[in-house]
Amino acid sequence: MADLVLDCRDLVRRFDSLVAVDGVSFGIGPGETYGLLGPNGAGKTTTISMVAGLLEPSGGTVTVLGQEITPRSTTAKGAIGLVPQDIALYPDLSARENLTFFAKLQGLRGSELATRIDEVLDIVGLADRAGDKIDTYSGGMKRRANIAVGMVHQPTLLILDEPTVGVDPQSRNAILESVDALSTTGMAVLYTTHYMEEAERLCDRIGIIDSGKLIAEGTREELVARLGDSTAVTFRADGPVEAVRGWRDDLSQLRTVSTVQPQEYGATVTCGHASEVVAGAFSAAEKRGVTIGGVDVTAPDLEAVFLSLTGKALRDGS
Amino acid sequence: MTGSAPPKLHPAAGGATHSPPMLSQALLIARLDLHRRLRDRSILLQVFLAPILLAVIVGGAFSGGGGNLDATIVIADADRTAVSGAVGAALTQTNTTDGESGGVTFETVPVANPDEASALVDSGAADAVIYIPAGYTAAVSEGEPAALTVVGKATSPIVTGVARSVADGINTRLRAQYIGTETAVRVSEQTGIPLDSAQLTEALNAEDVVVVADSRLTNTFNIMSFFAPGMAMIFLFFVMGTTARSVLTEQRDGTLGRVLAGPTPATAVVLGKAVAVYVLGLASMLTVYLVTTFAFGVDWGDPLGVVLVILAVVAAITGLSLIVTGLARNEEQAQSMTIIGTLLLAVLGGTFVYSASGPLSQARAFTPNGQALMAFIDLSAGQANWQDILPRVGIILAIGVVSGAIGLISIRRGLQP
Ligand SMILES: Nc1ncnc2c1ncn2[C@@H]1O[C@H](COP(=O)(O)OP(=O)(O)O)[C@@H](O)[C@H]1O
Ligand SMILES: [Mg+2]
C-alpha cells in the first residue's frame, strides 16, 4: 500500500501496566480526512503522539509516505504537521513571529516563507491580528494560531488533536471551516475528537476508538449501516426502583430490541421498529406502576453506533 | 473568518521542503531564545545593569589613593645562592623611593626554614612571604621540580594573590632561562670546560626577573584588577541557571514538544540553548571588562589573554548550565541547583576568600572560575601574556567540554521519549 500517506500497523503503547493504545491499525490516503473518534482517555492523543514521532511505540510501526517514523527520524517528520491538543506557542511572541520561527525550522525561506505565512493567517482568519502577541488573544484565537503553525510548512499529513475543545461556538465554527477548506488542497488530515458531529461533518472516514482499541472503521454511512435499521429510543421513567428494574427487563423482551442501556432516570433502547417498541414500553410501564415522563427517538448516528459497540455513551457529560 | 472562500493552497507535495541542517536549526533556536530573553527585563538587569552598577559602586569605593594596595611582601631566602639573591635584589629595586602613597614594598630576609618564613607573617613583619627553599636554584638549574611557597594571611587574600603571582612569575622565568642555559651547560659538560656559578647567575639574568614586578605591582596597582574578574564571574553564575529555566518553560508551554515534532533533532535544541547562554554570558563578562577598563582605568593585562580566558570560562559555565538543565526536573530544582553550584564554585574557586595555600587553594585548580581567577591575576598582577595562560585556558575549556557533553547526553535522554 505504497500510495498511503499514513500507515499505522498494530500500534501498541504501554504506560507501566496501563495499555493506552492496544493494537491500532489504520491508513490515510492522499487528501483524505480521517477522524479518530472516541471518549476522553480512549488513547487518541497517545496514538497521534506515536504517529507524529513524539512517543516511542511499545509495538507496531508508523510509516508516512513509506518512511518509518520514530522519535529519531527527523527528516521524515518534515512531512507531518502537528496541531497539539494544548496550545503550543510562544506567548510573548506574535502569531507572525511564531509562524516565522516554526516555518524556518521546517526549512522555509525568503519569499516562499512570507507567502505561506500570509496564506495560513488568512485561512485561520488572523491576518489582522498577526502582529499582536499570543498573550493578548482570546482562547479561540490562540487555537486558530495553534492550527496555523501546524500547517505553515504545507505538510503532507496534518494532525489535529481535538482542536475545538474549550472554544466558543464562533471560533469552533471558524476552525471547522478552515479544516473543511483543507480537504480541497490535497492535504491528508488526521482529526481526533470526542464530538460526533465534528467527525460526521469533516471526515471522509472515521475510526472509533475506545480503551485503546480501534473498534470500528469506515465512512459515516458504513458505520451507521452496522446498526442495521436500528433506532435509539430514550425513555425518561420514574417509579419504585424494583419496578423500574423490572420494566427494563420487559423492554429487552420486546420485539426488535437489540440493546437496553439503563439511564439514571429510565433507559435507552436500540431497536428496529421504534413505534412498536414505544407502544410496548408504555403498556409494560402501566403494569409495573412506572411513569414514563418523556420519549426521545433518534435516527441512527455515530453516537448510537458507539453505544451499540461499547454499551456506553460517547460523551459523559462533557 | 471572513466568510469568503478561503484562499487556495497548492496541493501538498510529498514532504514540501528539505529540513535545514542541524547547525542552522540550532542557530535559529539560539536567536529566538536570545530575542525572547532580551525582551525580559529581569535578564537585562542581571546580565548587564547589575554588573555595571556593582562596578560603579566598587570602583567608586576604591578610586583614588584608597584603590592602591599598601603591603609588604618579604622574600624569605633559605636558598642563599647568587640567583636567589638576584631575585630578591631585582624585586626590591622596584620599590618606590618616596614611599608615601603605599604600593607593594618588597624586602628580603634570609631565613633558615619555612617556619621562620611563616613567623614573619604571624608577627606582622610581612603581609605575605615568598619562601625560596634551600636547594631551589640547584633544582631549577638541574631541571628538577622545585617550587616557591607563598605564605599569606587569610584576611588579606589580595596581597596573597599578588605574592602568589609574583612567585609564579619568578618560577616561570627562571625555568625559561634554564632552558636557555641548558645548551651552554651541556656544551660545558661535553667540552670539559667548567661553567662557574657567576656565569650561571649571569645567564639567569636578573633583569628578566625584574619584569615580573614592574610598575603594576607598585603604587599604581589597582585593587579593582582583583575585584573586577571575580565580580564578573559572579554574574556569570546567575546566567548558569537560565538554560534550565528556558528549557523547562518551553516544556511547559508545549513549544519544545512542537519543535521536536518537526524535523529538528534534540541535539539542535540543546546546541541552540547553549549558544544562547554562551552569548549572554559573554556579553555579561565583556560588559564588566569594558566598563571597568574604560570607566575606571582598571588594567586587566594582555587583552588577548583576557579575551581568551573570558571565552573559555563562559564556555565552562555554559557546560555546567547544561548539566543543571539535564538534572533539574522543575524550576525550583533548577534554582536550588544553581544556588548550590554557585556557592560551591565561589567558595572552592576563591571568589570570596582567595587563600594561597591549604586545601582550598588546591580545590581552586579544579573549578573553572578558580582557574580563570588565577589566569586573570597572572595577566594583571603577574603581567603574564596570552601564551602564559594557555594551559589554564586549556583546563577551563576541558571542564566546559566535559560538562557540556554530560549535559547534552542527560538532556537528550530527558527529551526523547
Ligand atoms: N504519559 C502518560 N503516562 C501514563 N499514562 C498516560 C500517559 N499519557 C496518557 N496516559 C493514559 O493513557 C490513556 C489514554 O490517554 P490519551 O491518549 O491522552 O487519551 P485521549 O487523548 O483519547 O483522551 C489514559 O488512560 C491516560 O491516562
Ligand atoms: Mg487527548
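The values are calculated or read from the model by the stated rules, or taken from the named source; none is laboratory data. What you are looking at is a predicted structure, and each value in this text was computed from that prediction instead of being measured. All Cβ positions, even for glycine, are placed from backbone atoms using ideal geometry, and neighbour counts span all protein chains on display. The area values use the complete protein model at the heavy-atom level, side chains included, leaving out ligands, DNA and RNA. Shrake-Rupley method; radii C 1.70, N 1.55, O 1.52, S 1.80 Å.
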Is the stretch B:330-351 home to any residue that is over 16 Å from the mean Cα position of the chain (by Cα) and outside any helix (DSSP H, G or I)?
yes
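Would you check if residue B:98 is surrounded by fewer than 17 Cβ atoms within 10 Å (Cβ to Cβ) and either modelled with pLDDT under 80 or within 30 Å of residue B:298 (Cα to Cα) (or both)?
Here the answer is yes, as residue B:98 does meet what is asked.
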Listed residues B:315, B:295, B:283; which is out of contact with any Phe, Trp or Tyr (no Cβ under 8 Å at 6 or more places or on another chain) and in a helix (DSSP H, G or I)?
B:295
Screening A:171, A:183 for residues that are under 20 Å from the mean Cα position of the chain (by Cα) and open to solvent by less than 20 Å² (accessible area, probe 1.4 Å) leaves only A:171
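Out of the stretch A:1-25, which residues are open to solvent by 10 Å² or more (accessible area, probe 1.4 Å), within 16 Å of ligand 1 (Cβ to nearest atom), part of a strand (DSSP E or B) and away from every other protein chain (no Cβ under 14 Å)?
Pass one, the stretch A:1-25, residues open to solvent by 10 Å² or more (accessible area, probe 1.4 Å): A:1-4, A:7, A:9-10, A:12-20, A:22-23, A:25.
When the remaining residues are screened for being within 16 Å of ligand 1 (Cβ to nearest atom), the result is A:12-20, A:22-23.
From what is left, the residues that are part of a strand (DSSP E or B) are A:12-15, A:18-20, A:22-23.
Selection gives A:12, A:18, A:19, A:22, A:23.
Within the stretch A:102-126, how many residues turn out to be over 16 Å from residue A:147 (Cβ atoms), within 7 Å of another protein chain (Cβ to nearest Cβ) and assigned to a helix (DSSP H, G or I)? Explain how you work it out, then say what you get.
Taking the stretch A:102-126 first, the residues over 16 Å from residue A:147 (Cβ atoms) are A:104-105, A:107-115.
Still in the running and within 7 Å of another protein chain (Cβ to nearest Cβ): A:104-105, A:107-108.
From the residues that got through so far, the ones that are assigned to a helix (DSSP H, G or I) too are A:104-105.
Summing the residues that are over 16 Å from residue A:147 (Cβ atoms), within 7 Å of another protein chain (Cβ to nearest Cβ) and assigned to a helix (DSSP H, G or I) in the stretch A:102-126 gives 2.
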Show me the helices (runs of 4 or more DSSP H) entirely contained within the stretch A:171-287 in which 3 or more residues are out of contact with any helix residue (DSSP H, G or I) (no Cβ under 9 Å at 6 or more places or on another chain) and closer than 29 Å to residue A:10 by Cα.
A:220-225
Starting from the stretch A:280-301, keep only residues that are of a type in the set (D, E, K, R), then list their pairs with residues that are open to solvent by 40 Å² or more (accessible area, probe 1.4 Å) and modelled with pLDDT under 95 whose Cβ atoms are within a distance under 7 Å, requiring at least 6 positions of separation or different chains.
A:296/A:234
Out of (1) open to solvent by 10 Å² or more (accessible area, probe 1.4 Å); (2) away from chain B (no Cβ under 11 Å); (3) not in a helix (DSSP H, G or I), the one residue A:135 does not meet is (3)
Flag for residue A:269 being among the aliphatic types (A, V, I, L, M), open to solvent by 20 Å² or more (accessible area, probe 1.4 Å) and over 21 Å from residue A:199 (Cβ atoms)
no
For the stretch A:57-81, give me each residue that is open to solvent by less than 30 Å² (accessible area, probe 1.4 Å) and part of a strand (DSSP E or B).
A:59, A:62, A:64, A:80, A:81
Verdict on residue A:96 being away from ligand 1 (no atom under 16 Å from the Cβ), closer than 20 Å to residue B:415 by Cα, basic (Lys, Arg) and assigned by TED's automatic domain parsing to the domain that holds residue A:191
no
Between A:61, A:47, which is in contact with a Cys (Cβ under 9 Å, 6 or more places away or on another chain), hydroxyl-bearing (Ser, Thr, Tyr) and away from ligand 2 (no atom under 16 Å from the Cβ)?
A:61
Could you tell me which residue of the stretch A:45-56 is nearest to ligand 1 (Cβ to nearest atom), considering only residues that are at the interface with chain B (Cβ under 10 Å from one of its Cβ atoms), of a type outside the set (A, V, I, L, M) and buried (at least 24 other Cβ atoms within 10 Å of the Cβ)?
A:49
